[in-house]
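Taking it in order: structure first as structure tokens, then the write-up.
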Amino acid sequence: MTGLETRSVSRDSLFLLANIRVEQNGDQHRVRVRNLSDGGMMGEGAMPVARGNRVEVELRNIGFVMGSVAWVQDQRFGVAFDEEVDSQRARSSSGAPSADATPDGVLSQAHRAPPQPERTTLRKV
């Protein structure tokens, strides 16, 4: 990667384990989750996966999430989730409130994807 950061979604490095089932062959694998955001993750593990494969990821405190493999490099791969998740829940210990929760119970927006722009405010370039 270059020194220029082009991602629009904040993500943190972390280490947690997840189960992944590749839809094409049905095999389940245990992988390390190296990066996690509300919209996707980077996993690492020895498993046969290719760009475009549909996967089902089981994340701690979240459950099963469907997604697609966006890229593969050696034993690392990226998964784009079909729907956003609350990535802070996976970081918290089981049953404990998120460290980013405010006193009123609302989660921080630090790891949320920015809202989609209104189509009427877009312009062609």
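Each reported figure results from applying straightforward, stated rules to the coordinates on display, with no laboratory input. Since the structure is predicted, the reported quantities are computational estimates derived from the model, not experimental observations.
The stretch between T120 and D82 holds 11.2 nm of extra length on full extension. This uses 0.36 nm per residue minus the Cα-Cα distance.
Subtracting the Cα-Cα distance of Q73 and L16 from 0.36 nm times their residue separation leaves 18.6 nm of extension gain.
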